[in-house]
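Chemist: Encoded as structure tokens, here's the structure I'll be asking about.
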Amino acid sequence: MKKSLLIVGIFTIALLSCASTSFGGKKKPDWVKKRPVSRLFYIGIAAVEKQAGRQDHIATAKSQALNDLVSEIEVKITGDFINQVSERAGMVEDEVKSIVRAQTKTAIEGYELVDTWEDKNYYWAYYRLSKGLWAEIQQKKIDKAKRIALNLYGTAMTKMAERDYSSALTFFCRALQPLQAYPADPLETLYKGDKIYLRETITLAIQDLISRLELIPPAGTQKVKMGQTIRRPYIVKPVYNSDSGSQIPVHHLALKFAFIKGAGQLIAKGRSDAGGIARCRVTKVTAQDKLQLIKAEVDAGAFVQQDSVGKIMRQTILNMPFPSANIVLAVSGLTAYIEVSEQNFGRQISLPQIEPAIKNSLLQNGFSLTDNLSKAEVMIKVDAQSRRGGRSHGISVSYVDLNLSATDMRSGEEVYKNSLNGAKGFDLNSFDKAGLNAFKAAAEKISLEMMPQFVAKMQGKQK
């Protein structure tokens with residue numbers, strides 16, 4: 001009996017021993033059983049389940065352990081800081097946290113792999129980073145970043161004194177670039193003997209500069225013909241409003257242009273020249289709106305290139321109220337003169353079908369009409385003739401053939417030409433009435449097919 005109890009006891013101890021070891025015989029360490037807590041180290045631990053046929057569990061566990069370590073460092077930059085940055089950059093808090101986490105992980109160094117452990121189902125990794133070493137590394141990086149940023153800030157202030165405001169804005173934005181890896185640090189330093197908080201000072205300098213910039217558009221409304229080539233650019237004058245009240249021209253300032261009402265062809269970006277004059281070059285207006293607007297604004301994206309400034313800094317700058325102004329266009333359609341011949345078996349029909357169809361299409365697309373050829377900008381000429389078909393089961397069939405051409409009266413160039421053959425009409429009694437019905441069919445085809453092509457051509461929507 002005693003011998004049996006002894007055997008059972010030994011077997012139980014063996015089972016317990018196996019339960020506390022991996023398949024390699026190594027006992028489960030304490031850090032796997034219970035997460036360590038330390039005042040001296042940041043700690044990162046992760047466990048990844050093994051998958052049949054895959055060998056990436058080791059790399060995944062180590063990566064997740066580093067993420068866990070980074071999350072401990074992040075604790076210092078939550079709360080009010082996240083709220084403030086989110087508001088300035090116009091970003092949601094989760095996005096800000098994600099970017100900060102990624103920046104921290106990219107910049108992290110000095111960590112060590114303390115241990116790993118695995119059993120049949122999981123692989124564990126344990127990293128740590130000395131808080132003292134991390135603080136020392138960070139401080140060296142921060143000091144270097146502050147020196148670079150302070151130098152760029154000083155250059156920007158020099159450009160301000162020289163009235164080179166575009167360059168000043170460029171250097172202010174560049175000065176933020178070295179600081180983007182330290183979004184939670186106040187970055188206190190000295191500038192000309194005065195204590196400043198570097199990021200805040202630079203940000204306020206950018207805000208003050210752009211608040212003083214103004215874009216002066218052309219006065220009044222600019223008269224434009226829809227679809228007509230516009231040969232002269234529209235002048236926009238960027239100025240800096242000084243404390244004395246004077247308006248100082250801003251040279252080499254990046255601008256962008258876009259239709260915000262209406263549509264047309266234009267060059268979307270430009271810069272003011274050495275005299276502070278920017279030119280908005282519009283090729284054609286292609287929309288029918290009588291009143292159209294082109295927005296001219298400072299191109300903020302030119303100062304914060306995607307590859308040089310982090311997303312938080314970039315969005316903070318882009319979220320600032322850069323100045324803009326509207327160029328107002330008063331758009332009218334081209335004036336058209338129409339000459340239509342509708343001959344039904346050699347006689348002009350008394351109730352035209354094609355002419356009113358063309359006029360309606362033109363008016364619906366913003367054209368105006370004239371009876372005076374000398375005042376027309378485009379002449380449309382149509383020659384339509386009916387011809388007899390045959391009779392089938394007592395029904396008369398007639399056809400209409402036509403040619404349509406359009407001439408630009410400003411250049412004398414034929415700008416559109418098309419033809420239609422065999423528009424069909426029917427009547428129970430006569431070929432004449434069948435011919436009239438064929439003219440109706442031809443008018444419908446012109447409205448649905450030819451006129452949209454012509455209008456697109458004249459409005460610059462079709463080459």
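Chemist: Taking the conditions exactly as written (over 20 Å from T286 (Cα atoms) and crowded, with 19+ Cβ neighbours inside 10 Å), does V378 satisfy them or not?
Modeler: Working: over 20 Å from T286 (Cα atoms): no; crowded, with 19+ Cβ neighbours inside 10 Å: yes.
When the stated conditions are applied, V378 does not pass them.
Chemist: While we're here: In the range 276-297, which residues are outside any strand (DSSP E or B) and modelled with pLDDT under 95?
Modeler: Of the residues in the range 276-297, the ones outside any strand (DSSP E or B) are 276-277, 281, 286-290.
Of everything in the range 276-297, those that are outside any strand (DSSP E or B) and modelled with pLDDT under 95 turn out to be T286, A287, Q288, D289, K290.
Chemist: Of all residues in the range 331-344 being at pLDDT 95 or above and surrounded by fewer than 17 Cβ atoms within 10 Å (Cβ to Cβ), which is farthest from L291 (Cα to Cα)?
Modeler: Here the answer is Q343.
Chemist: Is there a residue being of a type outside the set (A, V, I, L, M) and assigned to a strand (DSSP E or B) anywhere in the range 298-306?
Modeler: no
Chemist: A follow-up question, please. Scan the range 374-402 for residues that are within 19 Å of P356 (Cβ to Cβ) and within 53 Å of the chain's Cα centre (by Cα) and jot them down. Outline the logic, then answer.
Modeler: Kept after step one, since they are within 19 Å of P356 (Cβ to Cβ), are these residues of the range 374-402: 376, 378-386, 400, 402.
Across the range 374-402, the qualifying residues are A376, V378, M379, I380, K381, V382, D383, A384, V400, L402.
Chemist: A further question on this structure: Does A438 satisfy the condition of being within 50 Å of the chain's Cα centre (by Cα) and either closer than 22 Å to A336 by Cβ or crowded, with 17+ Cβ neighbours inside 10 Å (or both)?
Modeler: No, not satisfied.
Chemist: May I ask you to list the residues in the range 245-256 that are surrounded by fewer than 18 Cβ atoms within 10 Å (Cβ to Cβ) and of a type in the set (A, V, I, L, M)?
Modeler: Once the filter is applied, which keeps residues that are surrounded by fewer than 18 Cβ atoms within 10 Å (Cβ to Cβ) and of a type in the set (A, V, I, L, M), the range 245-256 yields only I248.
Yes or no, residue by residue, for (1) surrounded by 13 or more Cβ atoms within 10 Å (Cβ to Cβ); (2) small (G, A, S); (3) out of contact with any helix residue (DSSP H, G or I) (no Cβ under 7 Å at 6 or more places or on another chain); (4) in contact (Cβ under 8 Å) with a residue 60 or more places away in the chain:
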| residue | (1), (2), (3), (4) |
| --- | --- |
| Q139 | no, no, yes, no |
| A145 | yes, yes, no, no |
| Y153 | yes, no, no, no |
| L179 | yes, no, no, yes |
| L190 | no, no, yes, no |
| Q207 | yes, no, yes, yes |
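Chemist: When you look at K237, is it crowded, with 16+ Cβ neighbours inside 10 Å and within 24 Å of D299 (Cα to Cα), yes or no? Break it down into steps so the answer makes sense when it comes.
Modeler: Details: crowded, with 16+ Cβ neighbours inside 10 Å: yes; within 24 Å of D299 (Cα to Cα): yes.
Yes: the conditions hold for K237.
Chemist: For the structure I just gave you, tell me whether K433 is free of Cβ contacts under 8 Å to residues at least 60 places away in the same chain, assigned to a helix (DSSP H, G or I), assigned by TED's automatic domain parsing to the domain that holds E339 and closer than 22 Å to A357 by Cα. Write out each step before concluding.
Modeler: Numbers: free of Cβ contacts under 8 Å to residues at least 60 places away in the same chain: yes; assigned to a helix (DSSP H, G or I): yes; assigned by TED's automatic domain parsing to the domain that holds E339: yes; closer than 22 Å to A357 by Cα: yes.
Yes.
Chemist: Test E342 against the stated conditions and say whether it is among the charged types (D, E, K, R) and either in contact with a helix residue (DSSP H, G or I) (Cβ under 9 Å, 6 or more places away or on another chain) or outside the structural domain of K225 (by TED's automatic domain parsing) (or both).
Modeler: yes
Chemist: Considering the range 257-275 alone, what residues qualify as being surrounded by 19 or more Cβ atoms within 10 Å (Cβ to Cβ) and in a loop (DSSP other than H, G, I, E, B)?
Modeler: Across the range 257-275, the qualifying residues are G262, S272.
Chemist: If you don't mind, there's one more thing I want to ask. With the range 1-117 as the region, which helices (runs of 4 or more DSSP H) entirely inside it contain at least 2 residues that are at pLDDT 65 or above and out of contact with any helix residue (DSSP H, G or I) (no Cβ under 7 Å at 6 or more places or on another chain)?
Modeler: In the range 1-117, the matching helices (runs of 4 or more DSSP H) lie at 30-33, 57-74, 93-107.
Chemist: Going through the range 318-366 one residue at a time, which ones are aromatic (F, W, Y) and assigned to a loop (DSSP other than H, G, I, E, B)?
Modeler: Those that are aromatic (F, W, Y) and assigned to a loop (DSSP other than H, G, I, E, B): F322, F345.
Chemist: Moving to a separate point now. From V328, V298, V282, V224, grab the single residue that is closer than 28 Å to D208 by Cβ, β-branched (V, I, T) and not assigned by TED's automatic domain parsing to the domain that holds A149.
Modeler: None of the others qualify; the one that does is V298.
Chemist: Which condition from (1) assigned by TED's automatic domain parsing to the domain that holds P323; (2) surrounded by 13 or more Cβ atoms within 10 Å (Cβ to Cβ) is the one that S242 breaks?
Modeler: So the condition that S242 fails would be (2).
Chemist: Could you tell me whether any residue of the range 291-309 is more than 31 Å from the chain's Cα centre (by Cα), surrounded by fewer than 15 Cβ atoms within 10 Å (Cβ to Cβ) and over 30 Å from A263 (Cβ atoms)?
Modeler: Looking through the range 291-309, none of the residues is more than 31 Å from the chain's Cα centre (by Cα), surrounded by fewer than 15 Cβ atoms within 10 Å (Cβ to Cβ) and over 30 Å from A263 (Cβ atoms).
The values are calculated or read from the model by the stated rules, or taken from the named source; none is laboratory data. From a predicted model like this one, the values you see are computed outputs, not experimental measurements. Note that we place each Cβ from the backbone using ideal geometry, even for glycine, and neighbour counts take in every protein chain shown.
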